[in-house]
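Rule-based calculations on the coordinates, nothing more; no lab input. Only a predicted model underlies this, so the values are computations on that prediction, with no experimental measurement involved. Backbone-built Cβ (ideal geometry, glycine too); neighbour counts: all protein chains shown.
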Amino acid sequence: MKVINKVLIPSCLALLAGPLSAAELDIKVTNLTHGIYFTPLLITAHTSDAHLYELGMAASEDLQKVAEGGDISGFSSTLATINADSSENPAGGLLAPGASTETMLSTTDGNVHLSIVSMLLPTNDGFVGLDSWSIPDEPGTYTVYLNGYDAGTEANNEIINGGGMPGVLGIPVDPSGNNGTGAVGVTDMEENSMVHVHRGNLGDTDVSAGMSDLDSTVHRWLNPVAKVTITVN
């Protein structure tokens, strides 16, 4: 069974080191954005043939649940069936802009690849992700920077309406409270329905109308959106 890319900027050491059979990992995730929150993170070590997502491919139902509503339960259940080693919600809720969270992960034989996923909030179906990063077998500290991705499952209308269930158009909430209201919507369709690099929120500065309920001075971002520090013990 496969789970439904990749590390963007691995350290030089990570490129030189080979995979290992089991390890003790200390993992730190830092939110690099100005005004975007990460919903509960899922951090998992799994076999080499498992994937949380693949660029240019359609999102799975599990990924759609994460990207549209921050729900990691689908992935949790699927990963359990393949005996993955996972850490769920290490931040105990939302990870705020500029904040970090840390967790320890003990991997078992065969689970030699690391993946991370979380919704970018507020977005329609944006997520931060690391998929199937090969865990080095040489002890040391490795740094990986992650982009924001678009699951391609929903139009980026940028309207906050309490949505979040798969198939319900809209954004659940802006945790910062900096959103506007009364937007007509940036778009009601997307040409690219595959997983792809997110264009970022467009936003505007109209708090009572305009195209978007998002504030362009707060909710826009440039990649990368996260820094991950992995210490292999």
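Residue by residue, what Karplus-based ³J(HN,Hα) values in Hz, rounded to whole numbers, does the stretch 177-186 have, using 6.51, -1.76 and 1.60 with θ = phi - 60° and x for Gly and Pro?
x, 8, 7, x, 9, x, 5, 8, x, 6
With the dipole of the chain worked out from charges on the C-beta (+1 for Lys and Arg, -1 for Asp and Glu) around the Cα centre, which of GLY167, THR153, LEU95 lies farthest toward the positive end?
LEU95
Do the sum for the chain: with -39,500 (n - 2.57) for every DSSP H run of n ≥ 4, divided by all residues, what is the mean residue ellipticity at 222 nm, to the nearest 500 deg cm²/dmol?
Value at 222 nm, helices only: -2500 deg cm²/dmol.
Among ILE116, ILE36, ILE160, which comes first, then next, by fewest other beta-carbon atoms within 10 Å?
The fewest-first ordering by Cβ neighbours comes to ILE160, ILE116, ILE36.
If you average the C-alpha positions of the stretch 147-226 and of the stretch 125-140 separately, how far apart do those two centres end up, in angstrom?
Answer, in whole Å: 26.
Placing unit charges on C-beta atoms (Lys and Arg positive, Asp and Glu negative, everything else neutral), compute the dipole magnitude of the stretch 77-225 about its Cα centre in debye, rounded to 20.
Details: 2 positive and 19 negative charges, 33 e Å.
In total the dipole reaches around 160 debye.
Can you put ARG199, ARG220 in order, fewest other beta carbons within 10 Å first?
Going from sparsest to densest Cβ surroundings: ARG199, ARG220.
Can you compute the charge dipole magnitude of the stretch 52-151 about its Cα centre, using +1 on each Lys and Arg Cβ and -1 on each Asp and Glu Cβ, nothing else charged? Give it in debye, rounded to the nearest 20. Let's see the in-between values first.
Values: 1 positive and 14 negative charges, 41 e Å.
The calculation lands at about 200 debye.
Determine, for HIS51, HIS34, HIS46, HIS219, the number of other Cβ atoms within 10 Å of each Cβ, and report the residues in order from fewest to most. All intermediate terms of the calculation are to be shown ahead of the outcome.
Working: HIS51 19, HIS34 14, HIS46 24, HIS219 27.
Going from sparsest to densest Cβ surroundings: HIS34, HIS51, HIS46, HIS219.
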